[in-house]
């Protein structure tokens, strides 16, 4: 079994979900007392959030790179970043892991693998404002032949506000759940085959049974791919983006 490196704490709620999902899958596949080999670095989200609000992505990249090196020093053979938004700094994490020949596993590649398996080519995208409005996430999905649709301005404002004012602080409100479902309905009306929960806490708010269209929970998809790679190295080529 390879050791899975996790760079988390953004927020700790979703990082706890990653740890649980990874260990549940390893136990189910290997049986007995089996559990995952994990090297975890959990950052102070307040420090990362300050970088976000100041627009200091250079500083946040440095935080992620150092956390990645610490994961590798702790024995990680592959590394995953337990957040969607901070994949804006994925290049820094990837470069830090590559210094030791360790693979960094992009969350959007995991989402794309689920979409391909289900035959979905258009995905609705819910996450922090940067994820929905900038191209770093959609561009990664596009390398796999997948296009995205995002909520309108009011929908993006609502989704982003709930992410940072509520769910990343462990607050889960019924009215916010209902509002997210309404946004999902609009994405379905505009051609989305499924919706990506591209904030790793959204799955803690909206259950798949509540959604009006199929859901790709990015945290679940990412954790599953990390386990695949830890237990089945032959799957590693699936990480490569599809030819343009």
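Readers should treat all values here as calculations from the given coordinates under stated rules, not as data from a laboratory. Being a predicted model, the structure only gives us computed values, none of them experimental. Glycine gets a Cβ as well: all are built from the backbone with ideal geometry, and neighbour counts include every protein chain shown.
Our helix-only sum for the chain, with -39,500 (n - 2.57) per DSSP H run of n ≥ 4 divided by its residues, gives a mean residue ellipticity at 222 nm of -16000 deg cm²/dmol. When the Gaussian network model of the chain links Cα atoms closer than 10 Å, the mean-square fluctuations of 63, 125, 53 top out at 53. Between the helical axis of 153-165 and the longest alpha-carbon principal axis of the chain there is an angle of about 50 degrees.
Roughly how many Å is it from the Cα centre of the stretch 7-49 to that of the stretch 184-221, as a whole number? When both Cα centres are located, 21 Å separates them. Of the peptides 220-227, 72-79, 196-203, 175-182, the order by per-residue mean of other Cβ atoms within 10 Å, starting with the highest, comes out as 196-203, 220-227, 72-79, 175-182. Model label sites at residue 166 and residue 54, defined 7 Å from Cα along the beta-carbon direction, differ in position by 3.0 nm.
Taking every alpha-carbon pair within the chain, the share separated by more than 22 Å comes to 50 percent. Entry note, the chain: relative contact order of 24 percent, from Cα contacts under 8 Å with a spacing of 6+ residues. Apply the a/c threshold of 1.5 to the C-alpha gyration tensor of the stretch 33-139 and tell me whether it is rounded, prolate or oblate. The shape class here is oblate. Oblate is the label for the stretch 76-166, because the ratio a/c of its alpha-carbon gyration tensor axes (a ≥ b ≥ c) is 1.5 or higher and a/b is not greater than b/c. Taking the Cα of residue 232, stepping 7 Å toward and past its beta carbon, and measuring to each backbone N in the stretch 91-106: which are under 12 Å? Under cut-off, by backbone N: nothing.
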